[in-house]
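The values are calculated or read from the model by the stated rules, or taken from the named source; none is laboratory data. All values derive from a computational prediction rather than experimental measurement. Cβ atoms come from the backbone with ideal geometry, glycine included; neighbour counts cover every protein chain shown.
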Amino acid sequence: MPKRSTDRVPQERANLALKKWWWRSGWATLLAVVATAVAAFVLAGVFTVLLSKISDGQLRPSRISDRKIALSDILKLSFAMVAGIGGAAGLALAHRKQCVSERDEWRANDSVRMNRFQAAADQLGHESAAVRMIGLYRMSSLSDDFPSEPTSQQQFVDVICAYMRLPLPDNTERRAEEVQVRRTALDVIRARVQKNNDQWSDCEFDFTGATFDGGSLERANFRKTVLFFDCNFVKNDFRFTDMVIDADIRFRDSKFLGGDIRFDKSDITSKGRLSFLNVEFATSVCFADMKIEGTPSASASAGSVTCGKVEFKKARFTENEVTFHNTEVQGLLTFAEASFKTTVRFRGLKLRSGCNVDFSDATFTRGDVRFDLSEMEGGTLKFDGATIGTISGTSLARLTFGPAKLRETIISFYGEPETSSNPESPIPTGLKVAKLLPTGLLDFGNTQFLPGRIVFNQDVFKGGKLMVDSSSLTEAAGAIAGIKLTSDLPYLDLL
């Protein structure tokens with residue numbers, strides 16, 4: 001266990017709290033002293049004024065009885081002011097005594113907390129898995145006892161994350177025991193990032209280099225950055241189901257190598273981002289019923305959105321099936337430069353106006369990427385610069401779009417569809433062009449365009465097939481189906 005986790009963390013917290021205490025008690029004592037000084041100054045002023053008036057004859061009574069009354073009033077006022085000064089001084093001394101008492105009590109309590117923290121940290125480094133598990137529970141119990149201290153909460157999280165980053169033992173028996181301890185650590189985290197218990201939701205989590213052999217962060221609500229850099233998910237199932245993502249969750253250079261990985265029913269808010277950079281998916285992964293929130297900006301340029309983002313840049317889908325069933329995109333979903341060697345299903349995809357699903361520069365070498373039963377109401381499917389199929393081989397790479405309903409949706413295989421306002425004019429050169437190679441297949445069978453547009457030109461076709469059987473195409477589509485395109489007819493309008 002890192003030394004910071006056991007020594008410096010509680011000491012830093014103690015020093016910070018002590019400074020805060022001195023600040024509060026010092027100001028309170030200063031205010032009491034100032035009040036006493038003001039009262040004394042006022043009393044001195046009153047006496048000065050009274051003596052001045054008596055010496056001038058302004059308060060000289062006409063009768064002896066009036067003189068006695070005047071002196072009596074002066075004495076009463078004097079005693080009252082002296083009592084007030086004494087009371088103020090007494091309050092100042094009492095407050096000071098209380099502050100000293102609170103300081104001593106705080107120091108005693110903090111000493112207990114530091115001892116508890118040290119004991120829990122020591123148990124996390126124990127050889128016995130049972131003792132390490134007790135250490136996790138003691139650490140979480142200490143966190144629960146002081147939920148109003150955000151700095152302390154982050155420190156507890158840092159200690160548990162540091163433990164998670166330690167390598168798993170090579171010994172089979174010890175590894176199995178440690179896997180159970182790591183799952184307990186995840187349970188401790190998950191219990192404190194829920195909607196009804198979010199004391200750790202505003203903490204940052206760094207799992208860089210960790211190995212996860214099963215576990216769950218189900219229904220987690222993260223509002224700060226969570227890092228899964230260079231992580232391995234092996235053997236057993238892991239669930240990120242039903243999460244609410246209000247911040248940035250990053251997977252980079254990680255590998256999903258075993259078990260069933262589920263991100264289904266997660267909600268990426270307009271402030272959230274879920275990114276997978278250079279990540280390998282070699283096992284079953286489910287992103288079904290995911291919602292990517294976003295609101296098109298009326299004042300911004302066309303297509304711009306303030307939205308959540310899910311990014312699979314340079315991701316590798318190599319084995320087993322990956323599903324995005326019933327995913328609703330009101331923001332940005334990008335697979336730029338990703339490679340597909342397996343079946344990926346977007347069945348029931350809902351794409352809203354002003355939003356994009358981006359496959360730019362992606363590579364499809366085998367498998368079937370399916371968009372069947374999708375309902376797209378605006379937005380763009382971008383395959384600019386993508387490569388579909390291979391020059392040789394028997395494995396088919398297929399993009400299947402039907403049966404589906406596409407209303408005012410653009411499917412782009414060549415640059416940006418907004419580059420020219422005249423559909424009869426050539427698309428400017430220098431833009432990304434998709435390539436359909438001999439083992440590639442684009443299948444628009446039974447797709448309804450109500451209306452829509454496919455953007456490509458003859459440079460797209462280096463072989464492969466384009467299927468449009470039973471699609472609601474215009475007569476111009478006959479020439480397209482026969483791959484008789486010219487550079488001055490880069491668009492296919494589907495009405």
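Just checking, how many residues over the range 204-262 are among the acidic types (Asp, Glu) and in a strand (DSSP E or B)?
Of the range 204-262, the ones among the acidic types (Asp, Glu) are 204, 206, 213, 218, 230, 237, 242, 246, 248, 253, 260.
Within this subset, residues satisfying the condition of being in a strand (DSSP E or B) are 206, 248, 260.
Qualifying residue count for the region: 3.
Going by what's in this entry, would Gly348 be described as without any contact (Cβ under 8 Å) to a residue 60 or more places away in the chain and touching a Cys at 6+ places or on another chain (Cβ under 6 Å)?
Working: without any contact (Cβ under 8 Å) to a residue 60 or more places away in the chain: yes; touching a Cys at 6+ places or on another chain (Cβ under 6 Å): no.
For Gly348, the condition - without any contact (Cβ under 8 Å) to a residue 60 or more places away in the chain and touching a Cys at 6+ places or on another chain (Cβ under 6 Å) - is not met.
Need at least 2 residues that are of a type in the set (Lys, Arg) and more than 22 Å from Arg219 (Cα to Cα) per element, so show me which helices (runs of 4 or more DSSP H) inside the range 111-201 make the cut, counting only ones lying wholly within it.
On the way: elements: 129-145, 150-164, 172-191.
Counting at least 2 such residues, we get 129-145, 172-191.
For the range 403-433, which positions are buried (at least 16 other Cβ atoms within 10 Å of the Cβ) and at pLDDT below 80?
Tyr414, Gly415, Glu416, Pro417, Ile427, Lys432, Val433
Residues of the range 367-396 being more than 23 Å from Gln448 (Cα to Cα) and surrounded by 19 or more Cβ atoms within 10 Å (Cβ to Cβ), which ones? Reasoning before the result, please.
Taking the range 367-396 first, the residues more than 23 Å from Gln448 (Cα to Cα) are 367, 385-387, 389-396.
Answer for the range 367-396, where residues must be more than 23 Å from Gln448 (Cα to Cα) and surrounded by 19 or more Cβ atoms within 10 Å (Cβ to Cβ): Gly367, Gly385, Ala386, Thr387, Gly389, Thr390.
Give the range 314-338 a look and list any residue that's of a type in the set (Gly, Ala, Ser) and touching a Phe, Trp or Tyr at 6+ places or on another chain (Cβ under 7 Å), or say none. Even if it seems obvious, please write down each step before you answer.
Here is the first cut: in the range 314-338, the residues of a type in the set (Gly, Ala, Ser) are 315, 331, 336, 338.
If the condition is that a residue be of a type in the set (Gly, Ala, Ser) and touching a Phe, Trp or Tyr at 6+ places or on another chain (Cβ under 7 Å), then Ala315, Ala338 are the ones that fit.
What is the residue count in the range 346-370 for residues that are more than 28 Å from the chain's Cα centre (by Cα) and under 18 Å from Asp443 (Cβ atoms)?
So in the range 346-370, the residues more than 28 Å from the chain's Cα centre (by Cα) come out as 363-370.
Those still in the list that are under 18 Å from Asp443 (Cβ atoms) too: 364-370.
The number of residues fulfilling the criteria is 7.
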